[in-house]
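Since every read-out is calculated from the coordinates, none of them should be taken as a lab result. No experiment lies behind these values; they were computed from the predicted model shown. Please note: Cβ atoms are built from the backbone with ideal geometry, for glycine as well, and neighbour counts cover all protein chains shown.
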Amino acid sequence: NNVISLAGPDPSEDKMAGAGIAYALRAMFYMDLARMYAPETYAKNKDAETVPIVTEKTSDPSNPRATNQAMWDFILSDLNKAESLLADYKRDDVYTPDVSVVYGLKARAYLTMEDWANAESYAKKAQDGYTMMTKDEYLSKTDGFNKPNSSWMFGLTFRSTDPN
């Protein structure tokens with residue numbers, strides 16, 4: 001929210017990528033929260049409550065829980081902004097979202113919403129430019145799922161020096 005607030009509603013060229021990354025990450029985290037805390041899925045009950053939506057503009061301390069409908073509308077809105085802001089962004093590694101990650105997140109959102117056509121469409125867009133792991137990569141106990149390769153769209157690695 002801080003990054004989005006600093007970038008403003010119409011980010012300048014030098015702030016577009018940062019804002020786009022922030023929108024993508026916020027959407028990703030809200031997706032996880034919504035699926036974790038809603039007592040029923042979006043498809044079963046659009047009025048089921050998820051978690052409160054907190055944005056860079058939220059000031060009401062009694063912020064109520066959002067319905068599935070409001071939450072997934074919010075998530076898609078953030079992903080649409082991220083898609084626009086990251087359209088020309090070229091990342092250096094798999095640890096930072098780019099537009100392919102946004103497409104993957106949209107596919108996940110549409111899967112949750114049981115909008116199969118959009119889920120398929122965005123999954124195909126997300127896969128563009130990536131290749132499947134080779135058999136050797138897949139079976140490797142040290143590389144396939146532990147070191148970024150041509151099949152990794154978005155990743156996180158842990159080091160032996162990490163405190164957790």
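Quick notes on this structure:
- Stokes-Einstein diffusion coefficient of the chain, Kirkwood radius over Cα pairs, 4 °C, 1.567 mPa s, in µm²/s: 75 µm²/s
- When each of the peptides 75-87, 95-107, 25-37, 57-69 is scored by how many other beta carbons lie within 10 Å of its residues on average, the order from highest to lowest is 95-107, 75-87, 25-37, 57-69.
- Between helix 16-37 and the chain there is an angle of about 80 degrees, using the helix long axis and the longest principal axis of the Cα atoms.
- Under the combined filter of DSSP loop state and at most 13 neighbouring Cβ atoms within 10 Å, the range 1-62 retains these GluC sites (Glu not before Pro): Glu40.
- With Cα atoms, 0 to 90° folded angle of helix 99-112 axis to the chain main axis: 60 degrees
- Values of log10 I(q)/I(0) for the range 1-65 across q = 0.16, 0.18, 0.28 Å⁻¹ run -0.65, -0.76, -1.13, by the Debye formula with one identical scatterer at each alpha carbon and no solvent.
- Here Lys124 is the anchor, and the lysines within straight C-alpha reach of less than 16 Å, apart from those fewer than 8 places off in the same chain, are Lys106.
- Helix-only arithmetic for the chain: the sum of -39500 (n - 2.57) across DSSP H runs with n ≥ 4, divided by the residue total, places the mean residue ellipticity at 222 nm at -15000 deg cm²/dmol.
- A simple charge model with +1 on the Cβ of Lys and Arg, -1 on the Cβ of Asp and Glu and nothing else charged puts the dipole of the range 95-164 at about 120 debye relative to its Cα centre.
- Relative contact order of the range 13-74, defined on C-alpha pairs under 8 angstrom at six or more residues apart (%): 29 percent
- Relative contact order [Cα under 8 Å, 6+ residues apart], the chain, whole percent: 19 percent
- Rounded to the nearest 20 debye, dipole of the chain from Cβ charges on Lys, Arg, Asp, Glu: 300 debye
- Rounded to 10°, Cα long-axis angle of helix 116-127 versus longest principal axis of the chain: 40 degrees
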